[in-house]
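These notes concern the structure reproduced below.
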Amino acid sequence: MREDYNFRQVEEKWQKIWGEEKVFKVSEDPQKTKYYCLEMYPYPSGYIHMGHVRNYSIGDVISRYRVMKGYNVIHPIGWDALGMPAENAAIQHGIHPEKWTLDNISHMKKQLKRMGFSYDWSREVNTCLPEYYKWNQWIFLKMLEQGLAYRKKSWVNWCSQCQTVLANEQVVGDSCWRCDTQVTQKEMEQWFLKITDYAEELLSGHELLEQWPEHVLLMQKNWIGKSNGAHITFPIVGTSESVEVFTTRIDTIYGATFLVLSPEHPLAKELIADSDKKEEFEAWIEKSIADVRLRKNVGEDKKEGINTGKKAFNPFSEEEIPVWIANYVLMEYGTGAIMAVPAHDQRDFEFAQKYSIPIKVVIVPEETRSPGVGEEAFEDYGRVVDSGPFSNQDSQKAIEDMAAYAAEKGFGRQSTIFRLRDWGISRQRYWGTPIPIVYCQECGPLGVPYEDLPVLIPHEVKLTGEEGSPLERLEGFVNTQCPRCQGEARRETDTMDTFFDSSWYYFRYTSPQEEEAPFDTQAADYWLPVDLYIGGVEHAILHLIYARFFTKVLRDMGLARIDEPFPRLLSQGMVIKNGAAMSKSKGNVVYPDDMIEKYGADTLRMFILFASPPEKEFDWKEEAIEGCFRFLNRVWGIVLENIDLFSRDDSVDEKKQERQRKFLPLERRKHQAIKKVSEDIEKRYHLNTAISTIMEFYNLIKKEKDSLRKDEKGRRLLRDALETLVLLLSPFSPHVCEELWEKMGHSTLITVSPWPAFDPDLAREERVTIIVQINGKLRAKFEAERDLPEEQMKKKALSVDRVQALLGTKKYKKIIYVKNKLINIVL
């Protein structure tokens, strides 16, 4: 009687064996090629959700495959354990953030182990433990020494719900990225990191990231926002003041009919100081500043401004133009002032029309002879007109010549600016890394000595959710001694943005027990860069830019030898149900534990990878998971039905056997399956089509098994096919495959067994798709037998209905044939 597939027993058995034998523990081995596979580490919210299961299953398949291919694979996991949710939970439930976090980690760790993921748990990191965040503080102090960390008073994004500052990257629309609360502006002393020092390299480094999704690179490029242009100085007539503007279109400067300052510009109030409407204008400025800080795109919706009554001197046209203050110009980009060219900038055009300001055309399309003002601004490049000695040049030439002229005359210079702003890392929360700074009235702000690190997160704290850092109210924490003069001092009470933690954790994985430095540089040199990084596209700007910045900083400190941490990025799609993201509020959450209990981890892993490509959304349908469960039961059944094959000794002449095999469809299909699954995992990450190939291979085995059992040659082929089936399936559903491998009589684990090889000749498809071109343009496709004689291929191409229709009575000069790929009919 055949043994039933008891997935609970099988999965518990092999998880225990993997753990006891430390199968996934690795160390540096110069004799082997390393492979670093990393999924973005989770926040310990309390449970693993289906997004985690999908992310980690992708990484696990690729890691297991690479192990079987002979690579030295590091596949670590850890916990992004500091942050606001733990603090909020403490306020709501009266439990300390540390206990809440560690309890959650304990539960989630059990869930991950139950999924059978091949993590090296000896490398586990936890960012809320002193042995990790000590090195956050160490890195911060090194940045401080190098001028990359500094403190200044600035307007910051403030979330009243979270009671903390948000970095620009953490404001989505006008709202907090965590809780959707409307973000306001608040002026505070803050610590910043000079990420802008690396803006150019963060942009140019994209050339090294050819294997990143294009949309992720585009998001980063837009955020960094490089603009090449010129700075031009406009003197304010009748005063000693001047206004500098930045423009990318100096070719339009003769069309500048007014100058516009941001309400926050330092000269804004000064220019209206002698106005008879001073009080009215000042009130307008204050209101505009408040509106802009509350909602940065206010000027896009409703453009408003005031005429200061002052004039600016245009150094090119030598005309005096009015100076306005308007809400659509932001202080944070460029210089906070613009030369307004309404004929060639749509925002200026709308403002000029509203306030009846002259519009002067100075750029026209190449084919236009007589310029005129249209119904909207002409913003393209073209031919320069009415622009003094630069008239009749094309825009690009004029831009070069005008910038050179401005530099020669001393009122301008070529320049480059970036949209990227320095990273504000100060947070007014408890559950974060304390910023290692003390303030002494005599000595000023000082870094905590390295030998005194870590500055511990104090355990005794009362969390109320009130404004300000909870650490401010802890006298035992705040009051300290100056490390220089030994006098009274107070500690910094802000904590670090938790993105600081995640900006270098992939370095720590390489040597998590290192006690003398953030990581062992030799270990980092061996393992890094990460060969494949897997995570959601929502981290394209925040985490990925910060991690790239940190890598370059650590390199410049002499701690790393790489320029980019993640040469290859896979952004997986969300798991949805009923057309919406899973959430408790929508009542559409499916819990992994429930599915494991019902179907087993192997089935869940297989299903979550089968229904769609990794980069696409995955729409959960429980009836489909039952299909994967049935498939694993069938694989179990077909192996056990034929288990006797693995105890027989059907020895034959191997060379003769190989010659005979080449004529069998199953042998050819086996090699094709190995090739397809290998390439889908290694090159394309099309794990869904890899599973489909395995299923097709199973179907052929099932079809052929009875006839194959009739003779010695067939039995050996069937045995070989079943072994190959289980090997190919093992990265996806490892527990059941370990069990079947053992039942086949193997003494080694399938996890560390060699991946099957394929014969390229046998793996070739019997049919190929031929592209048909007419005069080099794709017109049709057809399928044909591989290696058909050239004349037959040409006849087939000419007989395709669409080709015949396009050719009609036309005669062709020649037909070019690229073997098994393409036919080009030249007319």
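The values are calculated or read from the model by the stated rules, or taken from the named source; none is laboratory data. Just so you know, these numbers come straight off a predicted model, no measurement behind them. Glycine also receives a Cβ, built like all others from the backbone with ideal geometry; neighbour counts cover every protein chain displayed. Surface accessibility is based on the protein's heavy atoms, side chains included, excluding ligands, DNA and RNA. Shrake-Rupley method; radii C 1.70, N 1.55, O 1.52, S 1.80 Å.
Scanning the range 457-486 for residues that are in contact with a strand residue (DSSP E or B) (Cβ under 8 Å, 6 or more places away or on another chain), in a loop (DSSP other than H, G, I, E, B) and either open to solvent by less than 40 Å² (accessible area, probe 1.4 Å) or under 30 Å from GLU187 (Cβ atoms) (or both) yields ILE457, SER469, CYS482, PRO483, ARG484.
Scan the range 264-298 for residues that are modelled with pLDDT under 95, part of a helix (DSSP H, G or I) and open to solvent by 60 Å² or more (accessible area, probe 1.4 Å) and the total you get is 3.
Could you please find all residues in the range 718-741 being of a type in the set (Asp, Glu) and open to solvent by 10 Å² or more (accessible area, probe 1.4 Å)?
So in the range 718-741, the residues of a type in the set (Asp, Glu) come out as 720, 723, 738-739.
Within the range 718-741, ASP720, GLU723, GLU739 qualify.
Output the residues belonging to the range 42-64 that are among the hydroxyl-bearing types (Ser, Thr, Tyr) and more than 15 Å from LYS113 (Cα to Cα). Passing the criteria: TYR43, SER45, SER63.
Considering the range 595-636, and only residues there that are over 18 Å from PHE732 (Cβ atoms) and modelled with pLDDT of 95 or more, the residue that is least open to solvent (accessible area, probe 1.4 Å) turns out to be GLU597. Taken over the range 760-788, residues that are open to solvent by 60 Å² or more (accessible area, probe 1.4 Å), farther than 12 Å from ASN820 by Cβ and either among the polar types (S, T, N, Q) or assigned to a loop (DSSP other than H, G, I, E, B) (or both) amount to 1.
Candidates GLN190, GLN161: the one that is assigned to a loop (DSSP other than H, G, I, E, B), surrounded by 15 or more Cβ atoms within 10 Å (Cβ to Cβ), out of contact with any Phe, Trp or Tyr (no Cβ under 8 Å at 6 or more places or on another chain) and polar (S, T, N, Q) is GLN161. Of the residues examined, MET115 is not one that is in contact with a Pro (Cβ under 7 Å, 6 or more places away or on another chain), open to solvent by less than 10 Å² (accessible area, probe 1.4 Å), in contact (Cβ under 8 Å) with a residue 24 or more places away in the chain and farther than 15 Å from LEU456 by Cα.
If you go through the range 491-503 and keep only what is open to solvent by 10 Å² or more (accessible area, probe 1.4 Å) and assigned to a loop (DSSP other than H, G, I, E, B), you end up with GLU492, THR493, ASP494, THR498.
Please enumerate the residues belonging to the range 322-357 that are of a type in the set (Asp, Glu) and open to solvent by 10 Å² or more (accessible area, probe 1.4 Å). Step through it out loud before you land on a result.
Filtering the range 322-357 for residues of a type in the set (Asp, Glu) gives 332, 345, 348, 350.
Scanning the range 322-357 gives GLU332, ASP345, GLU350.
A Cβ distance below 7 Å, combined with a sequence gap of six or more or placement on separate chains, defines the contacts here; from the range 755-770, residues that are under 26 Å from VAL803 (Cβ atoms) and in contact (Cβ under 8 Å) with a residue 12 or more places away in the chain reach no residue that is open to solvent by 80 Å² or more (accessible area, probe 1.4 Å) and among the aliphatic types (A, V, I, L, M).
Does ASN228 satisfy the criteria of being open to solvent by 10 Å² or more (accessible area, probe 1.4 Å) and over 30 Å from GLU451 (Cβ atoms)? Taking the combined requirement at face value, the residue satisfies it. Looking at the range 504-540, which of the residues that are surrounded by fewer than 21 Cβ atoms within 10 Å (Cβ to Cβ) and of a type in the set (S, T, N, Q) is nearest to ARG64 (Cα to Cα)? My answer is SER511.
Conditions (1) in contact (Cβ under 8 Å) with a residue 40 or more places away in the chain; (2) in a helix (DSSP H, G or I); (3) in contact with a Lys or Arg (Cβ under 7 Å, 6 or more places away or on another chain); (4) basic (Lys, Arg), marked per residue:
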| site | (1), (2), (3), (4) |
| --- | --- |
| ALA489 | yes, no, no, no |
| PRO512 | yes, no, yes, no |
| ASP525 | no, yes, yes, no |
| ALA560 | yes, no, no, no |
| PRO565 | yes, no, yes, no |
| LEU570 | yes, no, no, no |
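The helices (runs of 4 or more DSSP H) falling completely within the range 1-108 that include 1 or more residues that are in contact (Cβ under 8 Å) with a residue 60 or more places away in the chain and farther than 28 Å from SER571 by Cα map to 7-20, 84-93. Within the range 405-419, if we keep just the residues that are under 40 Å from the mean Cα position of the chain (by Cα) and modelled with pLDDT of 95 or more, the residue that is farthest from ALA199 (Cα to Cα) turns out to be GLY412. Just one of the listed residues (ILE289, ILE325) is touching a helix residue (DSSP H, G or I) at 6+ places or on another chain (Cβ under 6 Å) and not acidic (Asp, Glu), namely ILE325.
Looking only at residues in the range 733-759 that are under 20 Å from ARG66 (Cβ atoms) and assigned to a helix (DSSP H, G or I), which one is farthest from the chain's Cα centre (by Cα)?
Start the filter on the range 733-759 by keeping residues that are under 20 Å from ARG66 (Cβ atoms), which leaves 733-735, 737-738, 741, 748-758.
The next check asks that each one be assigned to a helix (DSSP H, G or I); those that pass are 734-735, 737-738, 741, 750-752.
Working: PRO734: 29, HIS735: 31, CYS737: 33, GLU738: 34, TRP741: 38, ILE750: 33, THR751: 30, VAL752: 31 Å.
Filtering the range 733-759 for residues that are under 20 Å from ARG66 (Cβ atoms) and assigned to a helix (DSSP H, G or I), the one farthest from the chain's Cα centre (by Cα) comes out as TRP741.
Would you check if there is a residue in the range 250-261 being modelled with pLDDT under 95 and either open to solvent by less than 60 Å² (accessible area, probe 1.4 Å) or within 28 Å of MET339 (Cα to Cα) (or both)? Taking every residue of the range 250-261 in turn, none turns out to be modelled with pLDDT under 95 and either open to solvent by less than 60 Å² (accessible area, probe 1.4 Å) or within 28 Å of MET339 (Cα to Cα) (or both). Checking each residue in the range 358-396 for being open to solvent by less than 90 Å² (accessible area, probe 1.4 Å) and part of a helix (DSSP H, G or I) picks out GLY388, PHE390, SER395.
So, of the residues in the range 541-594 that are among the β-branched types (Val, Ile, Thr) and at pLDDT 95 or above, which turns out to be surrounded by the most Cβ atoms within 10 Å (Cβ to Cβ)?
THR551
The condition of being over 30 Å from SER730 (Cβ atoms), touching a strand residue (DSSP E or B) at 6+ places or on another chain (Cβ under 9 Å) and of a type outside the set (S, T, N, Q) holds for only one of LEU38, LEU82, that being LEU82.
How about the range 742-752: which of its residues are within 14 Å of SER63 (Cα to Cα) and surrounded by fewer than 18 Cβ atoms within 10 Å (Cβ to Cβ)? Of everything in the range 742-752, just one residue is within 14 Å of SER63 (Cα to Cα) and surrounded by fewer than 18 Cβ atoms within 10 Å (Cβ to Cβ), namely VAL752.
TRP212 falls short on exactly one of the conditions (1) more than 30 Å from TYR685 (Cα to Cα); (2) modelled with pLDDT of 95 or more, and that condition is (1).
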